[in-house]
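Data first, discussion second: the structure below is written as structure tokens.
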Amino acid sequence: MYIVSIVHISTQTACTQCSSGKYLGTQGNDAERDCQECPVNSGNNNAGSTDIASCRCNPGSFGVDGGSSCTLCPKGTYQSRSGSTACDKCVSGKYLDTLGNDAENNCLTCPSDSGNNREASTTEADCKCKAGAFGVNGGPTCNPCLQGTYQPARGQTNCATCSSGKYLDTVGNDEEQDCKACPANSGNNIAGSALETSCKCNRWAFGAHGGPACALCPQGRYQVNSGQSACTECLSGKYLDSIGNDEERDCKACPINSGNNVAGSALETSCKCNRGAFGVNGGPACALCLQGEYQTAVGQSVCAQCLSGKYLDTTGNDEEQDCKACPANSGNNIAGSALETSCKCNRGAFGAHGGPACALCPQGGYQANSGQSTCNKCLSGKYLDGIGNDEERDCKACPINSGNNVAGSALETSCKCNRGAFGVNGGPACALCLQGTYQANTEQTECTKCLSGKYLDTTGNDEEHDCEACPANSGNNIAGITTLTSCQCDPGSTGLDGKDCVPCIAGSVVKFISRLV
């Protein structure tokens, strides 16, 4: 066997540099493996480094003087430069859960809606929900606060609700002041309302669809419920002179003795005096009509007076028929009389104190004046067969040739034949005593004849001595003779009958005497 030796004869004319990341501090090295690796986590960028001191900490690591004893950047940090003595921290809002990171963009951003408040966070668990968000355990998985809610703190498991009367129509809000107040005159009763349409008109307000655009109830109206499109009118008889009222009792009653006929009245001046009342300008300051007065219309400044002959003893009357007629047979002459005692007995009537309790004058009496307690009697010679007479001339004279001796006679039958007259039953139909007769008494049915020897040539005589004696030397033999000529000359006398009878002269006689038989 033959051994062949191959001799390698170097033909190099220069040495090869150790590559970057290595160094070689000795001379005469003949192999690449003689080059020493820089310590862990360090290196250099220059080929042919001769000293370990050339080894600098790699990006992603750090060490004392930036070269020796290099350590990987801990979690939460990074270093993009070589030869650093420290690592840079991931900023707040990020974290880094691995070692030896060499770029800022290796820092991981906290999940959506979460963050942290410290640098160099090492775990996602450090990420807590931001203000305006919430999540299980406060993070790291978070969601923005919903409409109607907000959260001012980090790391919360829920969001706070906007108080009633507010709403919030965006998400992720982090301030209570983000909650928006409902528009003027509207509100809601539910905390956490999301939309403006949840705002309904308050009590005391109204608006289309009940809100959210609302106005205060105007004068004359109120609203006790929320969310209404109209306000309720105050009833007639009331008014409301302010706006924004929420109770029926806010409606003010018209002043006493006044009212109005229109629902929803705004002003007190709408209140007019009621029937039965009066006041300046017809209201609203009104008083009841006084006694003796009434008012049938509203809004009057005066009351009407009851007519004369009537009275009204109460106040606040509203009908003419409320006026009371004076009692029977009484009246008054003054309109607007208040009391029954103003009623005095009428002419033709009488009563205690002159009224008001009055009766008609009875037969035989009359009264020409009002307010009298007695009636006047018809004078004797008269009678009055009716009642309630008010004139003296109402008394009737007894029929001709009759009369009576008693004042206040009621019936014609009280009239008896006068002296000098006669009639059936002694009156009242009477005739004068005829010639030749007389009657000295009243109430006689016949007259008395003048005695014989007398005569009476007139009628209606009432005394026996009215009978005339026949002239001297004459006479008659018959009672009730009516003429002088019936007187004949006596025996022994001569002359014309009824006069001038003289005795016969001596030596003569009357041969014949004829007397009336």
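Please flag any cysteine in the chain that has no other cysteine's Cβ under 4.7 angstrom from its own Cβ.
C15, C504
Sequence gap at least 6, Cα distance under 8 Å: using those rules, report the relative contact order of the chain to the nearest whole percent.
Relative contact order for the chain comes out at 4 percent.
As an exercise, use a Förster radius of 51 Å and the Cβ-Cβ distance of A103 and S229 to find the FRET efficiency, rounded to the nearest 0.05.
Computed FRET efficiency for A103 and S229 comes out at 0.20.
Just to verify a number: FRET efficiency for A297 and A359, C-beta to C-beta distance, R0 = 35 Å, to 0.05? Please list the in-between numbers first.
On the way: r = 39 Å, r/R0 = 1.12.
Calculated transfer efficiency: 0.35.
Specify which residue in the list P255, G210, I243 is farthest towards the positive end of the charge dipole of the chain, using unit charges on the beta carbon of Lys, Arg (+1) and Asp, Glu (-1), about the Cα centre.
P255
Find which of S82, Y150, C129 sits farthest along the positive direction of the dipole of region 1-157, computed with +1 on the beta-carbon of Lys and Arg, -1 on that of Asp and Glu, about the Cα centre.
The residue sitting most towards the positive pole is Y150.
Evaluate Rg over Rh across region 84-198, taking Cα atoms for both radii and Kirkwood's formula for Rh.
1.19
Between A479 and S92, what is the spin-label point distance in nm, taking each point 7 Å from the Cα along the Cα→C-beta axis?
My value for the distance between the label points is 16.7 nm.
Under 14 Å from the Cβ of S42, count the other residues' Cβ atoms, weight Lys and Arg +1, Asp and Glu -1, and hand me the total.
Counting the neighbours of S42, the net charge comes to -1.
May I ask for the net charge around G21, where only other residues with Cβ less than 12 Å from the Cβ of G21 are counted and Lys, Arg are +1 while Asp, Glu are -1?
That sum, taken over residues with Cβ under 12 Å, equals +1.
What nm distance separates the two modelled labels at S452 and K499, each placed 7 Å from Cα along Cα→Cβ?
2.6 nm
Can you tell me, using C-alpha contacts under 8 Å and at least 6 residues apart, the relative contact order of region 358-517 as a whole percent?
With pairs under 8 Å counted, the relative contact order is 14 percent.
Assigning unit charges at the beta carbon (Lys, Arg +1; Asp, Glu -1) and nothing else, what dipole magnitude in debye, to the nearest 20, does region 214-254 show about its Cα centre? Provide the component values of the computation, followed by the final result.
On the way: 4 positive and 6 negative charges, 16 e Å.
The calculation lands at about 80 debye.
Using +1 on the beta carbon of Lys and Arg, -1 on that of Asp and Glu, and nothing else charged, what's the dipole of the chain about the Cα centre, debye to 20?
Numbers: 36 positive and 51 negative charges, 95 e Å.
Dipole magnitude for the chain comes out near 460 debye.
Give me the net charge of T437's neighbourhood, meaning all other residues with Cβ under 15 Å from the Cβ of T437; Lys, Arg count +1, Asp, Glu -1.
The answer is -4.
What distance in nm separates the simple spin-label points at S373 and Q27, each placed 7 Å from Cα in the Cβ direction?
17.5 nm
Using the Cα centre of the chain as origin and beta-carbon charges of +1 (Lys, Arg) and -1 (Asp, Glu), tell me which of S370, L456, C415 is placed farthest towards the positive end of the dipole.
L456
Give me the mean projected area, in nm² to one decimal, of the convex hull enclosing the Cα positions of the chain.
57.9 nm²
K75: which aspartates and glutamates have alpha carbons under 16 Å from its alpha carbon, excluding same-chain residues fewer than 8 sequence positions away?
Excluding near neighbours in sequence, the set is D88, D97, D102, E104, E119, E124, D126.
What FRET efficiency comes out for V280 versus N333 if R0 is 30 angstrom and r is the Cβ-Cβ distance? Round to the nearest 0.05.
Calculated value: 0.50.
A short reminder: the numbers here are calculations on the coordinates, not readings from a lab. None of the values given here were measured: they were computed from a predicted structure. Using ideal geometry, Cβ is built from the backbone for each residue, glycine included, and neighbour counts are taken over all protein chains shown.
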